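Structure first, commentary second.
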Amino acid sequence: MVPTLSGRIQTRLFLLAVIGIPWTALISLIGPHPSDASLGSVFETTYWVLAEVAIVGSIFWEPLYHLAMQFRWEKDWPIMFSLLQAIPEGILAYILLRTIGPAPKPAAATLATFLTQFIPLWIMVWLAAIGPMRVIVPRWRYRGGRIV
């Protein structure tokens, strides 16, 4: 069963809440930060990125991916494509962080802080979507990816 658009969005938001919030808190506390960055600016930056991935991904990327999938005969992505979606999403998220992100720009809004949070987060969410989600919630696949 191929996830529907609403199922893809629900799965994205669910996994970002369950995995993303704790990961963001952890990486904000122990991750590499600029020496002049306060802990508050680190949390502000990392949670801004998490919110961007959730909001922009649900409003812009998921509908775009869903539209692109309609041109494939099986109406689905190969697993590797879903991992590689991180590249354009990460580029846009970093651009948004630097242009319309929190004002004034937190000292922690560096490329290193962004990559330290974004790349492992994307890999963990991707792994959860292709693995444990199918085991823990087996009926998820038969409802078009919808959680509820």
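At a glance:
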read-out	value
Spin-label model distance (nm) - Leu26 vs Phe81, 7 Å beyond Cα toward Cβ	3.1 nm
Highest-MSF residue in the chain out of Gly57, Gly20, Gly40 [GNM, Cα springs under 10 Å]	Gly40
Rounded to the nearest 10 Å², the accessible area of Thr45 at probe 1.4 Å	0 Å²
Relative contact order (percent, whole number), the chain, Cα cutoff 8 Å, 6+ residue spacing	48 percent
At least 24 Å along the helix axis (C-alpha) and Kyte average at least 1.0, DSSP helices within the chain	39-56, 111-130
P(r) weight above 12 Å for region 1-57, C-alpha pairs, percent	68 percent
Neighbourhood net charge (15 Å Cβ-Cβ; Lys/Arg +1, Asp/Glu -1) for Leu121	-1
Loop chymotrypsin sites (Phe, Trp or Tyr not before Pro), region 70-103 (other Cβ atoms within 10 Å of the site Cβ: 11 or fewer; DSSP)	Phe71, Trp73
P(r) of the chain over all Cα-Cα pairs, binned every 10 Å from zero, in whole percent	11, 41, 31, 14, 3, 0
Euclidean distance between Cα centres, region 65-134 to region 1-40, Å	10 Å
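The values are calculated or read from the model by the stated rules, or taken from the named source; none is laboratory data. Not measured: the values here are computed from a predicted model. A quick note on method: Cβ atoms are made from the backbone with ideal geometry, for glycine too, and the neighbour counts reach across all protein chains shown. What goes into the accessible areas is simple: the full protein's heavy atoms, side chains included, and nothing from ligands, DNA or RNA. Shrake-Rupley method; radii C 1.70, N 1.55, O 1.52, S 1.80 Å.
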